Amino acid sequence: MKYAALIVLCCVALPTAAEPARWQIDYAASHLGFTAEQAGAKFDGEFKSFDADVRFDPNALGDSSAKVQVKTTSVATSNDERDGILRGTGWFESEKYPQATFSAHEFTKSGEGFSAKGELEMRTVRVPVTFQFTLTQTGGRVELKGTAKLDRLALGLGLGDWADTKWIGKDVDVTVTLVGTR
């Protein structure tokens, strides 16, 4: 009986790993962009409004997490007509689904950087996404730079006439720069 009490006491007294602190993101210095293809020509775009809850520590990968909520209404490609189409039916459907969410809870060291495995939810579709990134730290300032490749058809983006990859490329390259402190 004494040993059982001692084991219980030891288990209660053991420290538990704490989740890394939430980064304070400098949104003015951060960027969430993408490159896609229309009629054989590449074009760049960005989401001007997003919220990133990043709790990443390279020394505590198992306790790290990230959740990025993107306002789909904030898409901007330097072409008002295309932006309207992207917000509309068969694409983001921003009026009904005003945000897309990427969540990651599995981080690994990967070559010169890191890999985050997560899930992207857009409208009612969820797909696995692997995000590759590097991290630089200077004092308390951190800068994360990363990329992911998305399949727009797997996300159900560009339905009907837009589904033909002859006119709209299937792959979308996402680029992310997050600057902040932790």
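The values are calculated or read from the model by the stated rules, or taken from the named source; none is laboratory data. Predicted, not measured: the structure shown is a model, and the values here were computed from it. When we count neighbours, we look across all protein chains shown, and the Cβ atoms used for this are built from the backbone with ideal geometry, even at glycine.
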| task | Quick one: which residue in 107, 102 is in contact with a strand residue (DSSP E or B) (Cβ under 6 Å, 6 or more places away or on another chain), without any contact (Cβ under 8 Å) to a residue 40 or more places away in the chain, of a type in the set (Phe, Trp, Tyr) and in a strand (DSSP E or B)? | result | 102
| field | Unmet criterion (only one of (1) touching a Pro at 6+ places or on another chain (Cβ under 8 Å); (2) touching a residue at least 40 places away in the same chain (Cβ under 8 Å)) for residue 117 | value | (2)
| Pair list, Cβ under 9 Å, 6 or more apart: the stretch 37-52 residue in contact (Cβ under 8 Å) with a residue 60 or more places away in the chain, other residue among the β-branched types (Val, Ile, Thr) and loosely packed, with under 13 Cβ neighbours inside 10 Å | none
| said: Filter the stretch 137-152 down to the residues that are closer than 17 Å to residue 52 by Cβ and β-branched (Val, Ile, Thr) and list them by number. | reply: 142, 147
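Filtering the stretch 110-136 down to residues that are in a strand (DSSP E or B) and hydroxyl-bearing (Ser, Thr, Tyr), which residue is surrounded by the fewest Cβ atoms within 10 Å (Cβ to Cβ)?
136
One line per residue, one yes/no per condition, for (1) assigned to a helix (DSSP H, G or I); (2) in contact with a Lys or Arg (Cβ under 7 Å, 6 or more places away or on another chain); (3) modelled with pLDDT under 95; (4) more than 20 Å from residue 115 (Cβ to Cβ):
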| position | (1), (2), (3), (4) |
| --- | --- |
| 8 | yes, no, yes, yes |
| 11 | yes, no, yes, yes |
| 15 | no, no, yes, yes |
| 18 | no, no, yes, yes |
| 34 | no, no, no, no |
| 44 | no, no, no, yes |
| 68 | no, no, no, no |
| 78 | no, no, no, yes |
| 81 | yes, no, no, yes |
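Quick grid of which residues meet (1) under 19 Å from residue 34 (Cβ atoms); (2) aliphatic (A, V, I, L, M):
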residue: 110; (1), (2): no, no
residue: 114; (1), (2): no, no
residue: 150; (1), (2): yes, yes
residue: 156; (1), (2): yes, no
| Search result, residues across the stretch 81-100 that are over 17 Å from residue 48 (Cβ atoms) and among the hydroxyl-bearing types (Ser, Thr, Tyr) | 89, 97
